[in-house]
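All remarks here apply to the structure that follows.
The values are calculated or read from the model by the stated rules, or taken from the named source; none is laboratory data. Predicted model, so just to flag it, every value in this text is computed and none were measured. Quick reminder, even Gly has a Cβ in these numbers, built from the backbone with ideal geometry, and neighbours come from all protein chains shown. To get the accessible areas, we keep the full protein, side chains included, count just its heavy atoms, and leave off ligands, DNA and RNA. Shrake-Rupley method; radii C 1.70, N 1.55, O 1.52, S 1.80 Å.
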Amino acid sequence: MSKCSAASTLILGALLASSTASYAEETGLFRLTDRGSPVGINAREPSLAPLSDGRVLLSWTEESGTEAEVRMAILNGSEWSDVRTINVSSKTYINWADFPSVVALAGGGLAAQWLELNGPGDYQYDVKIAFSKDEGRSWTEPLIPHDDRSQREHGFVSLVPDQFGGLTALWLDGREYDSQTEGENFENAMQLRARQINSDGTMKPESLLDARACTCCQTSAARTASDDIVAVYRDRTADEIRDISIVRSIGGEWTQPLTVHNDGWEIAGCPVNGPAVDTMDDKVSVIWFTAAENKPEVYIAFSDDGGAQFDEPLRIDLGTAAGRVDVLQMPDGSALALWIEYVGGSEAIVMCHISRSTGCAAPQALHINRGGGSIGFPRMARGDAGTFVAWTQPTGGGDGDTTIRMVEVAVTP
């Protein structure tokens, strides 16, 4: 099995059988505090972003009639700010796996990304990016980072701030998706592209990072202390091997894609299950899901040189992994990992402090989703008081009714 002990499964089983409330005030190593959320009806797909002063920003979408709002609020200690609207439109694209996010920029600004339909089809949409200088109270007119304006898919965005108040945006781009002839090596290819955007909204030329990536898995990217960017994504070979690849921007030049680990997952379809990466100084952690040989597993790999080389990955799941991963790099080279396990037909959000020497020694279930619907893709962020985790929570009030749950996680002595 993995380096998680057999007792791990017993922990999850005991929690599932419990008749207590959805949140445990304490679960082993992790002490949880419910922070609520200021969201409205049908809120879903949260993202979290740390601010430089230790506060944490929550963003999400809300559907109301024919329109959908992209919204945000800031948590300061235990107090929420007022809710601020980033964008409202009848064309906002809503998807459980491809959702908006906000990042904090150097100098105190914010940048937000979301998706808007550009055609009548379900998968015809553009990326929109806007900036705010007043913590989300007002926003610039949105720009589109991709030159392509075809009615194809553009999404799964990662935003990486730079030291000048701008950012680099990465996304999956469908401009060539249906333009190849049958039998070509890159038939129906989604591309991974990137573009640097300055603080005034001007853009440098696009960069093509990979001509054939997996169709609909999240990208993830972060910046190292050396000011390089490391970006990870699910790749796609001509033989339908869909393992995790990494590209790096070093001195402004992008490297060729390299496989993080040769899992050998052959699948003729997108698993909708992307990797996550985080950095601290030049330490890098990458976490991902694979189901090679029909074995669902979660792995994590560590690098001490900015992602140039990785140690042999550690398997950290409990045996019933669903993936939907996130990770936070720790200063000592360890990492805080988050993923979903299936337990008795329910979704369990599992967190573990990963040591490079012992792996996942004490996994904890932060939440069990016992109702209908899915909790989607839980997200993590680091604040002054601890780590914050947010997820979509089905309410049971009606078909598709949801809210957002958020907890603060502290490691007990």
**Study point:** Proximal lysines relative to LYS91, as straight alpha-carbon distance under 18 Å, when same-chain residues fewer than 8 apart are discounted
**Key:** LYS128
Point to revise | Protein-only accessible surface order, largest first, of TYR233, TYR123 at 1.4 Å | key: TYR123, TYR233
Point to revise | Whole-number D in µm²/s for the range 134-180 (Stokes-Einstein; Kirkwood sum over Cα pairs; 25 °C, 0.890 mPa s) | key: 189
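With a probe of 1.4 Å, find how much accessible area the chain has per residue, and write the answer as a whole number in Å². All intermediate terms of the calculation are to be shown ahead of the outcome.
Details: 16800 Å² over 413 residues.
Each residue of the chain exposes 41 Å² on average to a 1.4 Å probe.
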Check your understanding: How much accessible surface area, in Å² rounded to 10, belongs to the heavy atoms of LYS91 with a 1.4 Å probe?
Key -> 110
**Study point:** Principal axis box of the range 198-287, alpha-carbon based, largest edge first, Å
**Key:** 41, 29, 20
Practice item. Name the longest site-free stretch of the chain, where the excluded sites are GluC sites (Glu not before Pro) in a DSSP loop with no more than 11 other beta-carbon atoms within 10 Å. Key: 185-413
Practice item. Find how many whole Å separate the alpha carbon centroid of the range 213-284 from the alpha carbon centroid of the range 287-365. Key: 16
Check your understanding: Roughly what would the spin-label model give for ARG356 and ALA238, points 7 Å off Cα along C-beta, in nm?
Key -> 3.8
Practice item. Please report, to two decimal places, log10 I(q)/I(0) for the chain at q = 0.08, 0.12 Å⁻¹ as given by the Debye formula with identical point scatterers on the Cα atoms and no solvent. Key: -0.39, -0.95
